[in-house]
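Asker: Structure below; questions to follow.
The values are calculated or read from the model by the stated rules, or taken from the named source; none is laboratory data. Note that the coordinates shown come from a computational prediction; the quantities given were computed from them, not determined experimentally. Because the Cβ atoms are built from the backbone with ideal geometry, glycine has one as well, and the counts that use them run over all protein chains shown.
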Ligand SMILES: Cc1cc2nc3c(=O)[nH]c(=O)nc-3n(C[C@H](O)[C@H](O)[C@H](O)COP(=O)(O)OP(=O)(O)OC[C@H]3O[C@@H](n4cnc5c(N)ncnc54)[C@H](O)[C@@H]3O)c2cc1C
């Protein structure tokens with residue numbers, strides 16, 4: 001049974017020293033944030049470990065059940081959701097005008113991390129509330145905002161995002177759900193699948209945000225509109241009225257995140273159609289979704305980092321307790337805890353280093369979300385918008401893939417007990433797997449990075465970021481601390497290699513786009529590894545300055561050791577990723593599809 005403790009020391013360090021929490025708290029509208037950051041982090045940590053964590057393993061074991069359209073969540077979830085809502089956690093970044101606390105997006109970094117580490121099955125609910133609130137804030141009419149947002153913020157009702165259909169997964173252009181106008185509303189018919197918290201027993205109403213097509217809408221992405229479809233219709237006075245025709249036809253049996261229901265929703269199967277209301281303008285639904293997706297993809301990146309950190313904490317605790325063999329360097333024949341063995345140390349450090357790099361990159365990106373939204377100078381807002389646009393697919397794609405490696409390594413620390421459900425580490429290994437699939441697979445993030453962010457602006461925003469990394473590398477070189485100064489060369493070389501690889505991709509995209517896309521995922525990984533190093537090494541430099549100023553906290557020494565490990569064990573992967581991309585991209589499409597057919601035929605005959 002694992003227990004989660006929020007890593008408040010590193011969270012505080014990243015927030016204040018790397019992400020510039022004080023500067024964010026001086027932005028217009030966030031003036032009060034500076035005073036409450038510490039209190040919020042501590043309260044969130046308590047809520048995560050006392051309320052959510054105890055339900056993590058039991059929720060996974062019990063799972064959700066479906067009976068004739070109704071879904072029951074695991075024991076304790078209903079009460080935990082009520083407590084979560086009452087504590088005001090749902091409205092953290094929502095404007096006070098809609099009943100929220102109006103706090104910076106930056107605070108979503110640590111708070112989301114805590115909820116998801118403590119209990120990812122639970123945390124997906126509020127995460128989707130957030131998505132629904134943002135969609136309505138972005139494009140809803142005043143009436144829709146007034147009717148739905150306050151209840152979503154208070155947690156009285158919950159929200160969903162209904163995009164996926166059987167034939168429309170990554171490719172939402174294939175959405176077929178129909179919406180026909182009738183008076184002041186629309187009637188929707190169709191089926192959505194894989195809808196997280198699409199039905200449950202935690203709140204009396206569920207507000208579905210649904211993508212659908214109007215009659216005669218253009219084919220493809222330009223003909224998709226966004227609708228609000230409440231499970232229970234809302235009367236003019238705000239009270240609940242008749243049941244709408246949206247029903248849960250079943251829930252999925254999954255590999256992980258068993259504590260939350262993944263639902264098939266049928267709209268309008270019993271009559272004229274489910275009643276829905278248009279959000280924003282017709283045919284602009286996907287455009288609204290893409291604006292919101294930045295926040296949702298950021299959240300899933302943090303979700304993955306959170307699960308990885310939980311797995312790491314669990315592995316450290318086990319490594320300190322499990323006794324096997326004597327210490328290779330000691331004469332004493334007494335067996336020792338496995339943490340003394342070099343390979344176990346390597347595994348733990350590889351988890352720690354990658355987690356700290358992910359956390360640093362994610363929170364710094366969250367700060368940019370705030371600067372992009374609130375900085376008084378338009379030029380600064382624009383610069384941060386470009387940074388966020390570039391970094392979101394990296395935070396989503398790189399963190400979710402890396403977190404899987406971290407969870408696998410953490411499980412390895414347990415040996416055979418890692419494979420046994422009883423210890424709980426297997427749950428993290430299963431839970432983390434979804435993060436690189438939903439909110440756009442890693443393949444889709446990589447297409448976004450290369451196709452939309454790199455090729456479209458001829459590499460302008462990437463070049464800017466790579467230059468910033470180059471400047472940071474030079475600053476490391478000037479550090480009086482020799483360990484920190486030694487980080488300059490590997491970072492400088494890695495960023496140079498990344499820039500050259502980006503140019504190679506740009507050149508090849510002008511010929512056959514398939515060559516550019518063939519290694520888009522390795523490129524995304526390369527980008528993440530270097531960007532993570534950038535932030536982790538900035539942290540090491542600050543830690544060295546603190547130590548030089550007389551601080552004696554072991555945390556600072558560990559930061560430098562961790563960064564040095566990352567330079568040798570993780571950043572070095574950049575060189576082979578570069579080789580893989582520039583020398584191996586052509587191999588990917590070299591053979592014919594027939595070579596896979598041969599495999600299939602032999603399987604069929606076996
Ligand atoms: C547990 C769970 C919860 C979910 N929750 C929700 C939810 O709340 N709301 C919702 O709307 N959806 C939800 N989804 C759906 C999820 O977002 C989709 O499963 C995901 O976007 C991938 O779509 P797909 O499954 O159809 O895969 P496909 O689109 O069929 O992709 C299959 C593979 O092909 C690759 N691929 C596809 N196109 C390309 C391309 N052009 N280039 C390169 N590679 C490509 C993909 O990367 C992937 O590896 C959920 C799914 C699950 C499993």
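Asker: Looking only at region 165-180, how many residues end up being part of a loop (DSSP other than H, G, I, E, B) and either within 11 Å of the ligand (Cβ to nearest atom) or closer than 12 Å to residue 227 by Cβ (or both)?
Answerer: Counting residues in region 165-180 that are part of a loop (DSSP other than H, G, I, E, B) and either within 11 Å of the ligand (Cβ to nearest atom) or closer than 12 Å to residue 227 by Cβ (or both) gives 7.
Asker: Also: Considering only residues that are without any contact (Cβ under 8 Å) to a residue 40 or more places away in the chain and within 26 Å of residue 196 (Cα to Cα), look in region 425-461 and name the one that is nearest to the ligand (Cβ to nearest atom).
Answerer: Taking the candidates together, the pick is 437.
Asker: If the Cβ limit is 9 Å and pairs must be 6+ apart or interchain, which residue in region 150-172 that is more than 20 Å from residue 293 (Cβ to Cβ) pairs with which residue that is within 16 Å of the ligand (Cβ to nearest atom) and assigned to a strand (DSSP E or B)?
Answerer: 151/207; 157/206; 157/207; 166/191; 166/193
Asker: Which residue pairs have Cβ atoms under 7 Å apart, sit 6 or more places apart or on different chains, and have a first residue in region 190-201 that is under 20 Å from residue 271 (Cα atoms) and touching a residue at least 24 places away in the same chain (Cβ under 8 Å) and a second that is outside any loop (DSSP other than H, G, I, E, B) and within 7 Å of the ligand (Cβ to nearest atom)?
Answerer: Taking only residues 6 or more apart or on different chains, the pairs are 192/162.
Conditions (1) within 16 Å of the ligand (Cβ to nearest atom); (2) in contact with a strand residue (DSSP E or B) (Cβ under 7 Å, 6 or more places away or on another chain); (3) assigned to a helix (DSSP H, G or I), marked per residue:
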| site | (1), (2), (3) |
| --- | --- |
| 81 | no, no, yes |
| 88 | no, no, no |
| 101 | no, no, no |
| 122 | yes, no, yes |
| 125 | yes, yes, yes |
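Asker: Looking at residue 255, is it farther than 20 Å from residue 134 by Cβ, under 32 Å from the mean Cα position of the chain (by Cα) and in contact (Cβ under 8 Å) with a residue 60 or more places away in the chain?
Answerer: yes
Asker: Separate question: Which of the residues that make up region 24-40 are in contact (Cβ under 8 Å) with a residue 60 or more places away in the chain and part of a helix (DSSP H, G or I)?
Answerer: Matches in region 24-40: 24, 33, 36, 37, 40.
Asker: Please state which of the following conditions residue 291 fails to meet, knowing it meets all the rest: (1) modelled with pLDDT of 95 or more; (2) in contact with a helix residue (DSSP H, G or I) (Cβ under 7 Å, 6 or more places away or on another chain); (3) surrounded by fewer than 21 Cβ atoms within 10 Å (Cβ to Cβ).
Answerer: (1)
Asker: For residue 71, only one of the following conditions fails: (1) in a helix (DSSP H, G or I); (2) touching a residue at least 40 places away in the same chain (Cβ under 8 Å); (3) in contact with a strand residue (DSSP E or B) (Cβ under 8 Å, 6 or more places away or on another chain). What is its number?
Answerer: Every listed condition holds for residue 71 apart from (1).
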